[in-house]
Amino acid sequence: MNHRALHTVLAVAVITALILLAGEATTPLLYTATNTSTAAHVDPATVPKLSDNDPDALIPLMEDLLGKTGTLTLNIKLKDYESAERDLARYAELSGRFAELVINLDISRTDIGEFQRNNQENLAALGALLDDARRFEDLQRVEIQIKGDEGQRAAVIYEGEVLQQKLQGGAAAYAGREDVTIRIADRYGVNATPYRESVRNYAEIVGATVSRQAEAGESSPSPLSITVTPDTGRYGDSLSITGTYTGGTAGTLTKAYVDSQIAGNAILDESGTYACSYRVDRIPAGLHLAYTVADVIHSNVATFEIRPDDTTITLTLEEDRVFTVCTGNLTTAGGRPVTLAPILLRVDGDTPITTETDENGTYREVISLPAGEHIIKAEFDAVGYPLSASESPGATVIVPSGGLSPFPFIAAIATALGSGWYLRRRHRPKEVAPAPEPVETVSVEEEAATPPLVDLAGLPPREAATVLFYALRSRLGLPEAKTPRDCAQLAPAHAGFFERYEQIRYAGETPSEEELRAMKEEALGGEEHAA
Amino acid sequence: MQREAWAVFLLLFLAGAVAYAHVTTTAEEYSRYNVGWNGTSGFAAVEIRDLTDLDPTAILLIFAPDQPFSPDEAGSLRAFLDSGGRILIADEEGNANQLLADLGSAMRVRPGNLSSLDRDHAAPGLFTVSVVGNDTLFAGVETIRVNRPAAVEGGEPLLETSPLTWDDADGDGRPGGKEIFRTAIVCAREGNLTVLGDPSLFINAMLPENPAFIENLQPVLVDAAHSRTGTTSPVINTIAWIQETPAVATALIALGVLPVAWRFGRKRDE
């Protein structure tokens, strides 16, 4: 193989290898495989391990939670409030662990998630039951102490009335979750008997307060009346709270309360009536209580019901250079915008980003995403609203990458240039004795007349022999491809020369000065040509 | 000059070795010529193509079948079962259901996307199931790690998922909506016939996950005629055919050796 062909093969091989590497250089898989999978399986070695996964605790925790409700309500019923406090603290702790587990396992959209939400409401209800039962007991004691003071007694009775209404609402809501909770518990083989008992205990506690309040309130009609119209509503509705104050003076400020939170103010008019509006916004579905206070006079307690409504959330994606703009609307089933509501934008089923709707129920969030294809969903969890949770269909956005990394290509070009330089340097002619000039094929007679010039000065003996071999072969007009043995056969007259050269060339022998002189004479065709 | 020649030859040799490795391996799922994570090159088994006269002491594994069984073949398998032989069908696509019906079994594979919370990896389809039946295949094994299995209906349950398992129909990896938690069976048996809803247990990446189960399987024969352990690569199939056909192998060796011998003989004459 000649020199040039070798270099060409080397260069082509190097360049090909670099091109192949450059094609893969921007593919991360070459360096670190992550989440390698097909439709049939995933590669366990490339899937991250979970550190805080404890699904085995889930079902035992459900059993513990339901068990706590039974003992807690029993202690409240028995008025053992200290034990009930401890039960409630333990119940809250278990509920916290359970909620954390549900979030970690990402199962909030399952029936276990529903169980967890019901449990959170049960926790709040039982906490309120304990507080209200205690407060009711206190009111009973105060009522006895202030016997004779009708003004203070009326205030106590009104507060008792509010408490009793609240307890009744709580009991109805607590019982309303019974069927769903027990159905879920049964699915997972969880013992729901203590929970059933808690529902009964809750009803009995409330029943007892109703009886006592009825006895206390029989002799105390209020001069301040209250009516809520209509007595049912949905998100976005406006309810009217109206009434009259017998004996009240015009211009008296009347405060309206819903669930003990101030909900509006009204001024008594000349005829002693007042009116204010209450807009249904962030308030849970269910039964609620309203009362008004003018001066120190409390009205009776009115009840109204808020009914749940479905919601729809939309999501539109727009690309703005490196950012993705997420916009959408949150509306009720009736088309009302849900205002100032929290919205979660979930990217690729993970990474929730929080935003909020405006006064028109519209939200807009600009997010920055890494290159690649992403699926984004908008979610409304509806916690605290008389609305159902909703989720938009997944919208896909493809964020273009910043282009291929120039590094591999720069490296490839640099390496190719370096290889070229090296090959060029290696290809420079060696500073050795020049090979005889190429001689055109001529007859032996013609060549003999024009012997080549040979300069052996400074050459080692073996190389000098080679130069003389080339010279004789050239002089005889033999092709360059012919070996010494071929030449000996083609020119028997010079066989001695060629055989000796064969030994020098292939057997590694070194010619003497004498031999070289004789070879030179023979190569140049006679004594007269010697240098 | 000589050094460069050696460098070129070394380079060509390495390139040739790489090219040979490339054309004689494949990335096809379950292929025994696939040395990657999803191949079965590391699963020790004897491949057979003729289903008649099988050794009843061995377990016959029909693995991710993608070819139908003829009535004769089904009859051979029935005879094998009747003679005390044991068949393990590993399938998650439901392709084995027709064979199961032909064998008179009530078991069926129900393709799906089972996922579970009972896992220690982030991938919901890679989870742990419990051994619930008494079977030599699972002797000394309490749990098996499965990899995107399918449910198996009918038969005596052998492997059962935890109740916190769902069919991830929307593929989002999260339970919710119409996806409800339920226990599923991923392996069951009827007599000597066992159906496993997860052929992924035999891929290279899964072999270290369930070593006791893989060991319990031995010795095992794999039905290469219907299983997806083969390949569509013409180069590999040609090489395999040559290896399996002594006459062709001999002819090829002769074709390689004779010119060299002739050349050496000629040199000696010179």
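Here the sum of -39500 (n - 2.57) over DSSP H runs of 4 or more residues, divided by the residues of the protein assembly as shown, equals -13500 deg cm²/dmol at 222 nm, to the nearest 500. Here the Kirkwood formula puts the hydrodynamic radius of the stretch A:47-120 at 13.3 Å, using every distinct Cα pair.
Just round it to a whole percent: the fraction of Cα-Cα distances in the protein assembly as shown exceeding 37 Å.
Values: 217033 of 320400 pairs.
Counting pairs separated by more than 37 Å, the tail of P(r) holds 68 percent.
Residue separation of A:Gln489 and A:Arg187 scaled by 0.36 nm, minus their Cα-Cα distance, works out to 98.4 nm of gained length.
Taking θ as phi - 60° and the Karplus parameters 6.51, -1.76 and 1.60, the scalar couplings of the stretch B:152-164 work out to 10, 9, x, x, 8, x, 10, 10, 10, 7, 6, x, 8 Hz in sequence order, x denoting glycine and proline. Cβ-to-Cβ counts within 10 Å put A:Arg279, A:Arg473, B:Arg145 in ascending order as A:Arg279, B:Arg145, A:Arg473, the fewest first.
Taken one residue at a time, the phi angles of the stretch A:204-215 give Karplus couplings (6.51, -1.76, 1.60, θ = phi - 60°) of 5, 4, 5, x, 5, 5, 4, 4, 5, 5, 5, 5 Hz. Gly and Pro are set to x. GNM remark for chain B: springs join alpha carbons under 10 Å apart, and the peak mean-square fluctuation among B:Asp66, B:Asp91, B:Asp120 falls on B:Asp120. For the residues of A:55-61, the average number of beta carbons from a partner chain within 10 Å of their own beta carbon is 3. When you count the other C-beta atoms within 10 angstrom of each residue and take the mean per peptide, A:159-166, B:46-53, A:5-12, A:113-120 line up highest first as A:159-166, A:113-120, A:5-12, B:46-53.
The long axis of helix A:3-25 is offset from the longest Cα principal axis of chain A by roughly 0 degrees. Here the label points at A:Leu340 and B:Val23, each 7 Å from Cα along the C-beta direction, are separated by 7.4 nm in the simple model.
Taking every pair of Cα atoms in the stretch B:94-207, average 1/r, invert it to obtain the Kirkwood radius, and report Rg/Rh to two decimals.
Result for the stretch B:94-207 is an Rg/Rh of 0.96.
When the Kirkwood hydrodynamic radius is evaluated over all pairs of different C-alpha atoms of chain B, what value in angstrom, to one decimal, is obtained?
21.1
Angle, helix A:178-187 long axis vs. longest principal axis of chain A, Cα atoms, 0 to 90°, nearest 10? Tilt of helix A:178-187: around 40 degrees. Remark: mean inter-chain Cβ contacts per residue of B:173-185 equal 4, using a 10 Å Cβ-Cβ cutoff to other protein chain atoms.
Take B:156-166, A:322-332, A:504-514 and order them by the average number of nearby Cβ atoms within 10 Å per residue, most first; the result is B:156-166, A:322-332, A:504-514.
Restricting attention to the protein assembly as shown, lysine pairs at least eight places apart or on different chains and with alpha-carbon atoms under 21 angstrom apart total 8.
Its relative contact order, with pairs defined as Cα atoms under 8 Å and 6+ residues apart, puts chain A at 9 percent.
With both labels modelled 7 Å from their Cα along Cα-to-Cβ, the B:Ile242 to A:Arg307 distance reads 8.1 nm.
Simple rule: put +1 on each Lys or Arg Cβ and -1 on each Asp or Glu Cβ in the protein assembly as shown, find the dipole, and look at B:Gly85, B:Leu10, A:Tyr470; the Cα lying farthest toward the positive end is A:Tyr470.
Against the empirical 2.2 N^0.38 Å (N residues), the stretch B:1-160 has a Cα radius of gyration ratio of 1.42. One compactness figure for the stretch A:159-312 is 1.25, namely its Cα radius of gyration divided by 2.2 N^0.38 Å. Inter-chain neighbour count for B:113-121: the average number of beta-carbon atoms from partner chains within 10 Å of each residue's beta-carbon is 4. Against the longest alpha carbon principal axis of chain B, how many degrees, from 0 to 90 and to the nearest 10, is the axis of helix B:246-269 turned? Once rounded, one gets 20 degrees. Taking every DSSP beta bridge that has both ends in chain B, the antiparallel portion is near 60%.
For A:Ala275, the residues whose amide H sits under 5 Å from its own are A:Ile267, ignoring neighbours fewer than 5 places away on the same chain, with H placed 1.01 Å from N.
Based only on the alpha carbon positions, what is the Kirkwood hydrodynamic radius of the stretch A:53-219, in angstrom? Could you put the intermediate results ahead of the total?
Details: mean 1/r = 0.0592 Å⁻¹.
One over the average 1/r among Cα pairs gives 16.9 Å for the stretch A:53-219.
Values quoted throughout were computed directly from the atomic coordinates according to the rules given, and no laboratory measurement underlies them. Since we're looking at a predicted model, the values are computed, not measured. Please note: Cβ atoms are built from the backbone with ideal geometry, for glycine as well, and neighbour counts cover all protein chains shown.
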